[in-house]
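Colleague: To start, I am sharing the structure in question, which I have written as structure tokens.
The values are calculated or read from the model by the stated rules, or taken from the named source; none is laboratory data. What you see is a predicted model; the values in this text were computed from it and never measured. Glycine gets a Cβ as well: all are built from the backbone with ideal geometry, and neighbour counts include every protein chain shown.
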Amino acid sequence: MKFALIGCGRIATNHIKAVLNNEADLNLIAVCDLLPESMENLLTKHGLEKDASILRYTDYREMIADHPELQLVAIATDSGVHAEITLYCIDHGINVIVEKPMTMSMVDAEEVIRRSEEKGVIVSVCHQNRFNIAIQEMRRALDAGRFGRISHGSINVRWNRGKEYYDQAAWRGKWASDGGCLFNQCIHGIDLLRWMMGDEVEEVYGITKQQFHDYIEAEDVGMAVVKFKNGAIGTIEGTVNVYPKNLEETLYLFGEKGTVKIGGTSTNNIDVWDFADEDEEDQKNKGLQEATSNVYGNGHTSLYADVIDAIRTGRKPYVDAIAGRNAVEMILAIYQSAATGMPVKLPLKNVASTDFSGRFNKE
């Protein structure tokens, strides 16, 4: 399957690893980035710098024009152009893996869904933590009804990002190209919470603030209470203000017959696993830990394998464009609630990250 990568920054190494781990099914024919040195650094990191078959482009449109045979493209650029590039690929009949967030607005999110369905093109969003071993075990227990009725759940993303992180790329922390900690660092956990809690949301009440990062435009801490249509309650805490380094990304699920806490730096460990119907098989999950080399976890390889199979079989991918839309909607709802001081009913319509430009401007 002919494949190309657009965007060669911080997260791109996980995409290259996923390609190499699926090399029996993927043929990397091109990489694209506005900065030639970013392409070279990425390829060198993975021992691919001397592979003459991998072409380099600084314009994704030129790359796609030169390679109409492309079957799959991954988009790992700054968030603000995810929608533009995704829609361009869809219009050219190319299947897409796009980094989170899928878009920065509800209008773009709905358009990605509409146009991909119209063109028969697969769009999968990199909410790769859904493939974590611990998360998969939680999901299996949930689908089997072992929790019973769900009372509530929560996601706590307590990380650290300092000025040196934001200085690495001019797009970070800006409303048009990134948003704040909820859109960038916390969206994976927000996706997991909504997915586990049944996806259907009635109302969101949120508060966001900029406490320590006055050199960015957006928030560095956000909290929310979510009312789900199934009667369950969710809470969200996301921040990059934890001193001195990343502390945890922890997902809790509380049911009448089960309690699970998934912790670690990226929801990769099972800290608590208690069920009323416990048997010997549950012992393997108590204290389960999945080693990861970075906060992005190991899920990209599994996500790629799933998308490859989805393309071949014609089924929907495990993490589709609707999942991408749902995560974006949750964050935009928190932003809107924080800006108005009022709860926000879902579904959202015409809301975008840029609607909140200037919220934290200092006098």
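Colleague: (1) of a type in the set (D, E, K, R); (2) closer than 22 Å to D306 by Cβ; (3) crowded, with 17+ Cβ neighbours inside 10 Å: which one isn't true of K2, the others all being true?
Modeller: If we test K2 against (1) of a type in the set (D, E, K, R); (2) closer than 22 Å to D306 by Cβ; (3) crowded, with 17+ Cβ neighbours inside 10 Å, just (3) comes out false.
Colleague: Would you be able to say whether some residue in segment 278-290 is in the same structural domain as C181 (by TED's automatic domain parsing), part of a strand (DSSP E or B) and of a type in the set (A, V, I, L, M)?
Modeller: no
Colleague: Which pairs do you get when a residue that is within 15 Å of E290 (Cβ to Cβ) and aromatic (F, W, Y), found in segment 120-149, comes within reach of a residue that is surrounded by fewer than 23 Cβ atoms within 10 Å (Cβ to Cβ) and at pLDDT 95 or above, reach meaning Cβ atoms under 9 angstrom, with the pair 6+ apart or on two chains?
Modeller: F131/T301; F131/S302; F131/D306; F131/Y318
Colleague: Can I ask one more? Going through I29, I64, I75 one at a time, which residue ends up being under 22 Å from G299 (Cα atoms) and either in contact with a His (Cβ under 9 Å, 6 or more places away or on another chain) or acidic (D, E) (or both)?
Modeller: Criteria check complete, one pass: I75.
Colleague: Regarding R325, is this residue in a helix (DSSP H, G or I), closer than 20 Å to G180 by Cα, basic (K, R) and modelled with pLDDT of 95 or more?
Modeller: Against the criterion (in a helix (DSSP H, G or I), closer than 20 Å to G180 by Cα, basic (K, R) and modelled with pLDDT of 95 or more), R325 qualifies.
Colleague: Further question: When you check G297 against the structure, is it on the phi > 0 side of the Ramachandran plot, modelled with pLDDT of 95 or more and assigned to a loop (DSSP other than H, G, I, E, B), yes or no?
Modeller: Here the answer is no, as G297 does not meet what is asked.
Colleague: Being in contact (Cβ under 8 Å) with a residue 60 or more places away in the chain and within 19 Å of the chain's Cα centre (by Cα): is that true of A338 here?
Modeller: Answer is no for this residue.
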